């Protein structure tokens, strides 16, 4: 089955620690996205990549970093600089970087602070 | 900055009643997309509207895009328990990126 796989499903972070959330897709999509979902706030864009080896900051990129070395992978690192990391993180992909394309989402990773 | 506001935030209905959620933008949108997120799940694309005044139907769901392309609505006729979830609109505006509304969470009492 084609789709987007996010891992782990749950993640706990200690103070001062960096953690990396995995996102893999086998849809052969060019574009990938990371969103943060907080209660009552909808989805906010952290980073996006319209093509391999290129990525752009979204609306709330501070305290996060990404890489796009392979077309199918777009890992997100939550650094210690992100002071309020507790949230539900969603990875998505679309066929191309055209924002008219529908986005396909993974099942998400729920990050909590220990 | 550009905002996409969605109302209401929550809606509880009796099964069989109708439901509507509204999406309003401060600026003109190129398109609007609608997604549904079931409890504990991830958003799933429902539909995209592009033209001014466009109306699209999917079984009991009716989607509208306003004439000024600044607002949109999703109407569900005769809700069922399978309609439970959070409905998000997402508009493509001047920022060149999709901006998601806060979502409307629908609860349906059997």
#### Entry: Label zone at residue A:26 (point 7 Å along Cα-to-Cβ), backbone N below 15 Å, region A:51-80
A:72-73
### Query
Please state the relative contact order of chain B as a whole percent: Cα pairs under 8 Å, 6+ residues apart?
38
### Task
Could you pull out which residues in region B:16-32 have an amide N less than 17 Å from a spot 7 Å beyond the Cα of residue B:50, following the Cα-Cβ vector?
B:29-32
### Query
Along its principal axes, what span do the Cα atoms of chain A show, with the longest given first and each in whole Å?
36, 30, 28
## Note on the structure
Taking Rh as the Kirkwood radius computed over alpha-carbon pairs of region A:1-42 and applying Stokes-Einstein at 37 °C with viscosity 0.692 mPa s, one gets a diffusion coefficient in µm² s⁻¹ of 256
### Task
Specify the residue with the greatest mean-square fluctuation among A:84, A:18, A:28, computed from a Gaussian network of chain A linking alpha-carbon atoms under 10 Å apart.
A:84
### Message
Give me log10 I(q)/I(0) at q = 0.15 Å⁻¹ for the protein assembly as shown, Debye formula, one equal scatterer per alpha-carbon, no solvent.
### Response
-0.99
#### Entry: Per-q log10 I(q)/I(0), region B:1-69, q = 0.16, 0.17 Å⁻¹ (Debye; single scatterer per alpha-carbon; no solvent)
-0.67, -0.75
### Query
If you average over every viewing direction, what projected area does the convex hull of the Cα atoms of region A:63-111 give, in nm²?
4.1
### Query
How big is region B:55-110 on each of its three principal axes, counting only the C-alpha atoms and giving the largest first in Å?
42, 22, 13
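Here, each number is a calculation from the coordinates, and none is a lab measurement. Nothing here was measured: the structure is a model prediction, and the numbers come from that model. Every residue, glycine as well, gets a Cβ built from its backbone with ideal geometry; the counts of neighbours run over all protein chains shown.
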